[in-house]
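Below: the structure, in structure tokens.
The values are calculated or read from the model by the stated rules, or taken from the named source; none is laboratory data. Just so we're clear, the structure is a prediction, and the values are computed from it rather than from any experiment. No Cβ is skipped: glycine too gets one built from the backbone with ideal geometry, and neighbour counts run over all protein chains shown.
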Amino acid sequence: MTHVDGNALAGAFATTLGIEITVTVGRCRSCGSSFNLACAHVFITAMGAVMRCGHCQAVLGVIVRGFRETLVNLSGLDYIRVPHL
Amino acid sequence: MGVINGGFGGRHGSSDPRLPPGQTHVYDWPVLSTGPTPNVDEGRWSFTITTEDEVTHRWNWGELQEVGVEDVVTDIHCVTHWSKLDMAWRGVPMDRLFEDVETSYDYVMVRSYGGYTTNLPLEDLLDGQAWLATEAEGEPLTPEHGGPARLLVPHLYFWKSAKWVRGMEMMPSDDPGFWEQNGYHLRGDPWREERYW
Ligand SMILES: [Zn+2]
């Protein structure tokens, strides 16, 4: 199974967090690299989307769309930096 | 997802008593992977069960075959609403692998090559309910379907049947695995539709 890039999560980030993923920078908790989240490796599955670090493959985050709510887990990131637009 | 049968006017719709609520019968076998597919060759494959006493029971590929494989025909149910009926599997019963394991813990964390995890109560792995599967539909499991070996726990949603399984660790409490930390049910019984938290 192959991955796509972080742009695939643009809609999910915009609707759940109100942020623009293509200008958001995150730092990988596992390897410490910082990068634009659009460069992350994203595995889209029918259960949810899994975002991985392009450098070390660690899981950066998971987004699951359930019945009543959407779960956003970004626990593999130390932080995200969202510029004021 | 692949071709879905049993939708509008389908003859194999939800009327089939083998289909849990909210499931649709499919004939293909969709693949769901949360990361790159690990390529684990049988030569360096091993499976371990680790207990609270730090005792590790280990089988390499050859030793696993010696434990004894059996044939299983069963239905599988994915939480993403597809079910595949009458699948032919071949694998080692988990009962045999737990025969010499002494533990007072009631829960198991399953760990896979590639980092995937899932949690299960030990009782869901015993009494003829679970296998370490090495073949499906008459063929060795391909890497995309979890080969060389995957867990098969067909009475629970299929995310519990971890691909590329490499070991099990006994746990005193039902700590969540990968999907269970991210909104999915701790146990995942398809007949109770235990999909989300
Ligand atoms: Zn990293």
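Annotations
- Among residues of region B:32-73, those that are at pLDDT 95 or above, within 14 Å of another protein chain (Cβ to nearest Cβ) and in contact with a helix residue (DSSP H, G or I) (Cβ under 9 Å, 6 or more places away or on another chain), counted: 3
- Residue count for region B:72-86 satisfying the condition of being surrounded by 16 or more Cβ atoms within 10 Å (Cβ to Cβ), part of a strand (DSSP E or B) and among the hydrophobic types (A, V, I, L, M, F, W, C): 4.
For every residue, the table says whether it meets (1) under 13 Å from the mean Cα position of the chain (by Cα); (2) on the phi < 0 side of the Ramachandran plot.
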| residue | (1), (2) |
| --- | --- |
| B:E102 | no, yes |
| B:V110 | yes, yes |
| B:L125 | yes, yes |
| B:G138 | no, no |
| B:L152 | yes, yes |
| B:K160 | yes, yes |
| B:E169 | no, yes |
| B:S173 | no, yes |
| B:W179 | no, yes |
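- Selection count where residues are over 21 Å from B:T37 (Cβ atoms) and assigned to a loop (DSSP other than H, G, I, E, B), scope region A:47-77: 6
- Residue match in region A:3-16 (condition: among the β-branched types (V, I, T), away from the ligand (no atom under 16 Å from the Cβ) and touching a Pro at 6+ places or on another chain (Cβ under 8 Å)): no
- Qualifying residue in region A:72-84 (condition: closer than 17 Å to A:I19 by Cα and touching a His at 6+ places or on another chain (Cβ under 9 Å)): no
- Subset of region B:164-179 that is outside any strand (DSSP E or B) and more than 11 Å from chain A (Cβ to nearest Cβ) - its residue that is surrounded by the fewest Cβ atoms within 10 Å (Cβ to Cβ): B:S173
- Checked against the criteria, A:G61 counts as within 16 Å of the ligand (Cβ to nearest atom), touching a Leu at 6+ places or on another chain (Cβ under 7 Å), closer than 20 Å to B:W197 by Cα and within 14 Å of another protein chain (Cβ to nearest Cβ).
- Residue in region A:33-46 that is assigned to a helix (DSSP H, G or I), touching a helix residue (DSSP H, G or I) at 6+ places or on another chain (Cβ under 8 Å), within 13 Å of the ligand (Cβ to nearest atom) and not aromatic (F, W, Y) present: yes
- Of B:T48, B:T34, all but one fail to be assigned to a strand (DSSP E or B) and not acidic (D, E); the exception is B:T48.
- When A:E69, A:E20 are screened for being of a type in the set (D, E), surrounded by fewer than 18 Cβ atoms within 10 Å (Cβ to Cβ) and either within 14 Å of the ligand (Cβ to nearest atom) or under 30 Å from B:H81 (Cβ atoms) (or both), only A:E69 passes.
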